[in-house]
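The next block holds one structure in the form of structure tokens; read it before the comments.
The values are calculated or read from the model by the stated rules, or taken from the named source; none is laboratory data. Worth saying up front: this structure is predicted, and the values here are computed from it rather than measured. Cβ sites come from the backbone with ideal geometry, for glycine too, and all protein chains shown count toward neighbours. For accessibility, only protein heavy atoms count, side chains too; no ligands or nucleic acids. Shrake-Rupley method; radii C 1.70, N 1.55, O 1.52, S 1.80 Å.
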Amino acid sequence: MKIIVLLVCMALVPGCTAKKPAAQPEQGKPLSVLVYITGVLAGSPSYEMLAAGVQEFAGENNNVTVKIYEAGFNQAEWEEQLRSLVADGVYDVVLGSNPSLPEICANVGATFPAQKFIITDAQYSGNPQISAYLYNQYEQALFLGYLAGLITTGTMPHANDAKRIGFIAAQEFPLLSRHIVPGFLDGARRVDPNIEMDFRVIGNWYDANKAAELASGMINAGVDVFSSIAGGAAQGLVRTIKERGAYAVNFNTNDYGQAPGFIVGCGSMEQKKLTKEILADVLAGKIQYGTCTTVGVKEGYLNFIFDDSGYRDYLPAEIKTQFSAFMDDFRAGRVKYTVPPM
Ligand code: RBF
């Protein structure tokens, strides 16, 4: 097994600037927030954390009113739904979390020039009504891919001789195709450049049976460790790795408890914290519209969850030692990488 640890470099996502400290909230100023969920809350941690952050903030600040709206899975209807929600002008700000949302907001905003929009998990700049925050998912993909590489080349009970990792996506979109999937493969190949990736697409964010079918086919083709960006459909992957015996490393949230011994690595995304900081900035009048802010490992918004029995008790000591060393190097800026343009 070969480990390559490269030298100092900070990677900035092209088109975004790094995060500045949050403002202190001003108490008592009225604020009406629409949380626009592009899908449904259940099974989508990035949306659940966004809603939780807004609700917590409203609980801690007087005069903040919140409406949470789930737009459902028909993406063709998202723009019209948003347009009718903001038509009365009752919301000071629309808050959402989806890479495809800025363009929808730009279209809606052209009709309602006073409406402001703040979107996380998206790269967008240059529109004076829109502020965007991009999680540097290349980074999370890189360290999860490194862990997947250690697993597929290692000797855990469900690992086979093939150097083959799997990725299941609900659908293709630029953040996935240009940052997440390449970052995952980059991470794995730092363990062994001969690792191959089997990448498959479900076609929607809810069909767990299709995800299970794809996962089973991938296991037949030699995949022993998976990752996914699939929302609620990822439940089919969880079911399959438990039934057939394979591993998963998951993005954004603590999923260890769903499949102890099978889900053996989880990244974290501080979406709730970012949401509360954004709302404090809104109250303080400190949001910069027209700009995009990048948050990643260095800024403390992406990390790996080490402190869980799902990690501690199921990975062999040699993998944990190598992965810890890699993460130490990563946090210290000693892992070199280039984030591709989106
Ligand atoms: N992630 C989810 O967890 N659930 C979803 O329903 C969901 N729908 C999405 C729809 C579109 C059009 C796009 C571009 C992304 C979607 N995502 C969804 C992905 C999510 O917002 C985010 O990019 C990834 O979770 C990586 O941070």
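Within the group Gln129, Gln75, which residue is in contact (Cβ under 8 Å) with a residue 60 or more places away in the chain and either surrounded by 15 or more Cβ atoms within 10 Å (Cβ to Cβ) or within 22 Å of Met269 (Cβ to Cβ) (or both)?
Gln129
Those residues that are assigned to a helix (DSSP H, G or I) and over 18 Å from Asn250 (Cα atoms), I need them from segment 219-229; list them, please.
Listed by number, the list holds a single entry, Asn220.
Taking the condition of being open to solvent by 10 Å² or more (accessible area, probe 1.4 Å) and either more than 9 Å from the ligand (Cβ to nearest atom) or in a helix (DSSP H, G or I) (or both), how many residues in segment 173-192 meet it?
Number satisfying all stated conditions: 10.
Criterion first (open to solvent by 10 Å² or more (accessible area, probe 1.4 Å), in a helix (DSSP H, G or I), at pLDDT 95 or above and not aromatic (Phe, Trp, Tyr)) does Ala159 satisfy it?
In short, no.
I need a count of the residues in segment 309-323 that are closer than 24 Å to Tyr138 by Cβ and either open to solvent by less than 30 Å² (accessible area, probe 1.4 Å) or touching a residue at least 12 places away in the same chain (Cβ under 8 Å) (or both).
Residues flagged as closer than 24 Å to Tyr138 by Cβ and either open to solvent by less than 30 Å² (accessible area, probe 1.4 Å) or touching a residue at least 12 places away in the same chain (Cβ under 8 Å) (or both) within segment 309-323 amount to 5.
Could you check how many residues of segment 86-130 are under 18 Å from the mean Cα position of the chain (by Cα) and more than 12 Å from the ligand (Cβ to nearest atom)?
Residues meeting the conditions: 3.
Sort out which residues of segment 193-218 are open to solvent by 20 Å² or more (accessible area, probe 1.4 Å), closer than 23 Å to Ala162 by Cβ and part of a loop (DSSP other than H, G, I, E, B), and write them in order of number.
Pro193, Asn194
Would you be able to tell me the number of residues in segment 228-245 that are touching a residue at least 24 places away in the same chain (Cβ under 8 Å), more than 16 Å from the ligand (Cβ to nearest atom) and surrounded by fewer than 24 Cβ atoms within 10 Å (Cβ to Cβ)?
Residues meeting the conditions: 3.
Looking only at segment 264-293, which residues are more than 17 Å from the chain's Cα centre (by Cα) and under 26 Å from Leu237 (Cα atoms)?
Listed by number, the list holds a single entry, Val264.
For segment 43-72: of the residues being open to solvent by 30 Å² or more (accessible area, probe 1.4 Å) and at positive phi, which is nearest to the ligand (Cβ to nearest atom)?
Across segment 43-72, the extreme among qualifying residues is Gly43.
Using beta carbons and a limit of 9 Å, which pairs, at least six apart or on different chains, have the first residue in segment 285-301 and open to solvent by 60 Å² or more (accessible area, probe 1.4 Å) and the second one of a type outside the set (Val, Ile, Thr) and part of a strand (DSSP E or B)?
Pairs that qualify, where the first residue is open to solvent by 60 Å² or more (accessible area, probe 1.4 Å) and the partner is of a type outside the set (Val, Ile, Thr) and part of a strand (DSSP E or B), are Gln288/Ser131; Tyr289/Lys116; Tyr289/Phe117; Tyr289/Ser131; Lys298/Ala18.
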